Amino acid sequence: MNTKFSPGQVVRVRPDAHDGHHRTPWFIKGKMGRIHSVAGEFFNPESRAYGGDGLPKQPLYAVEFEQRDVWATEYRGPDSDTLVVDIYEHWLVKAN
Amino acid sequence: MSEDHGHDHAEIGPEDEHPGLQWDVSLSERAKRSLAMHELLIEKGVVTNEEVETASNNLRRRTPADGAKVVAKAWVDPEFKQRLLDDARAAVYELGYSLAHDAELSVVENTEDVHHVVVCTLCSCYPSSLLGPPPDWYKSFAYRQRTVIEPRSVMREFGLELSQDIQVRVVDSSADQRYLVLPERPAGTDGLTEEQLADLVTRDSMIGVTNPLSPEGAPIS
Amino acid sequence: MPGVHDRGGWPTDEMIDRSDHIWTDWEYKTHALVGALRFRELMNTDELRRGIEAIPSEDYEASSYYERWSRSLETILTEKGVLSTEEIDTKVKELEGRWESDS
């Protein structure tokens, strides 16, 4: 499996709105996180949901975000709390 | 949706189906359309009655007791635990459990420093291959909305108050991985057998909203 | 604006209702049908989800879990030409007639 990112790397989730079916929750769009692990590669749901073949398969990553970065002051727990979301590779870009 | 749809599910309702039940209560239009689709698809041979029955039985096949066995095994066997964390699919297969073919399983470990809690904000992804279908609250709007932004107050509602020193890691199972929490083994359980340990592992502790029971059977907060 | 299903973090004061409902026959059948159709590769999870997400917001929020599944199932099956809306309408009438005479 060819993956663009590896564990520990800092990434940003693409901020794009997307009308069709997709699996990137709104609240992490545009946010920076860290690749925690690679889950494998899976059919692309954005094509499979409409009768497509879902190919090429997309690597899927568990990406970890700091709650503070996601919700700012709305988050009422300690700074160390985090949120892990599974995100397909084409939704991620390298963070600078 | 309780994804792992149709595979490896468990007992969730009346054991015997009452053929009369469907018109004892007034059915919603939607329910009627489901029953109509069911009959049409079988009549037309799109699916067989047997296939639907098999899927229905799969739905009742697993219960949280199955997940509890996996957890108890991990508590008594450190090598199994490592395999479970590294490759959950292969590890649970050793115990006779197979996963739905299109979803992977990831097991996340609670320790004295880190506590995991699982949610699916987009639908209701859940490790049904090991736990059976999710409870209604797991699929509720309140749980889906609140857990990612206020996990500590959600857990408090379930009776779990975590110290600020413990890192809370919320896991949103948004895609093709299902998550099972491996809770921390309760203190004072050294003398217990694997079977006795499994009795302490509740469904909710494998979702992460609670801890397992103490050896006295009380929830650990 | 996130879709109606994309609910993480939406503000609410609601407590979590921990009661479970008893599953009814049609709910089992709806779930099992999707399972059987998946087995036959006539439908997949992504399509089911897409059909659910396409339910207008007010209906999505007013529907029960399997009502949403059922609605998606109908969307996908009619879209693929496996069943037609008219066929389902006719079958509903037939079932109603049968239940009427049975009771």
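The values are calculated or read from the model by the stated rules, or taken from the named source; none is laboratory data. Just so it is clear, the model here is predicted, and its values are computed rather than measured. Counting neighbours? That spans all protein chains shown, and the Cβs are built from the backbone with ideal geometry, glycine included. To get the accessible areas, we keep the full protein, side chains included, count just its heavy atoms, and leave off ligands, DNA and RNA. Shrake-Rupley method; radii C 1.70, N 1.55, O 1.52, S 1.80 Å.
Close Cβ contacts (under 8 Å, 6 or more residues apart or on different chains) running from residues in segment C:89-103 that are over 22 Å from C:R71 (Cβ atoms) to residues that are among the charged types (D, E, K, R) are absent. Residues that are under 14 Å from B:S205 (Cβ atoms) and modelled with pLDDT of 95 or more do occur in segment B:73-94.
Could you list, in sequence order, all residues of segment B:162-178 that are within 7 Å of chain A (Cβ to nearest Cβ) and either open to solvent by 20 Å² or more (accessible area, probe 1.4 Å) or closer than 17 Å to B:E109 by Cβ (or both)?
Selection gives B:Q164, B:Q167, B:V168, B:R169, B:V170, B:V171, B:S173, B:D176, B:Q177.
Looking across B:L122, B:L99, B:L95, B:L130, one residue alone is more than 24 Å from C:R18 (Cα to Cα), touching a helix residue (DSSP H, G or I) at 6+ places or on another chain (Cβ under 9 Å) and open to solvent by less than 30 Å² (accessible area, probe 1.4 Å). It is B:L99. Could you check segment B:29-53 and list, in sequence order, the residues that are at the interface with chain C (Cβ under 7 Å from one of its Cβ atoms) and either among the small types (G, A, S) or open to solvent by 40 Å² or more (accessible area, probe 1.4 Å) (or both)? Selection gives B:R30, B:A31, B:S34, B:A36, B:E39.
Is at least one residue of segment C:82-91 farther than 26 Å from B:E50 by Cβ and of a type outside the set (S, T, Y)? The answer is yes, given that some residue of segment C:82-91 is farther than 26 Å from B:E50 by Cβ and of a type outside the set (S, T, Y). Of the residues making up segment A:13-27, at least one is touching a Pro at 6+ places or on another chain (Cβ under 8 Å), surrounded by fewer than 21 Cβ atoms within 10 Å (Cβ to Cβ) and within 18 Å of C:P2 (Cβ to Cβ). Those residues that are open to solvent by 10 Å² or more (accessible area, probe 1.4 Å), more than 8 Å from the chain's Cα centre (by Cα) and of a type outside the set (S, T, N, Q), I need them from segment B:133-145; list them, please. Residues satisfying the conditions are B:D136, B:K139, B:F141. For segment B:144-161, the condition of being in a helix (DSSP H, G or I) and more than 14 Å from chain A (Cβ to nearest Cβ) holds for at least one residue.
Which residue is nearest to the chain's Cα centre (by Cα), if the candidates are limited to segment C:14-43 and must be open to solvent by 20 Å² or more (accessible area, probe 1.4 Å) and farther than 21 Å from B:R61 by Cβ?
First, pick out the residues of segment C:14-43 that are open to solvent by 20 Å² or more (accessible area, probe 1.4 Å): C:14-15, C:17-22, C:24, C:26, C:29, C:38-42.
Among the residues that remain, those that are also farther than 21 Å from B:R61 by Cβ are: C:14-15, C:17-19, C:41-42.
Working: C:E14: 24, C:M15: 25, C:D17: 22, C:R18: 22, C:S19: 21, C:E41: 18, C:L42: 16 Å.
This residue is C:L42.
Pairs are defined by a Cβ separation below 9 Å, a sequence spacing of at least 6 or placement on different chains, a first member in segment A:39-52 that is among the hydroxyl-bearing types (S, T, Y), and a second member that is open to solvent by 60 Å² or more (accessible area, probe 1.4 Å); the pairs so defined are A:S47/A:D53; A:S47/A:L55.
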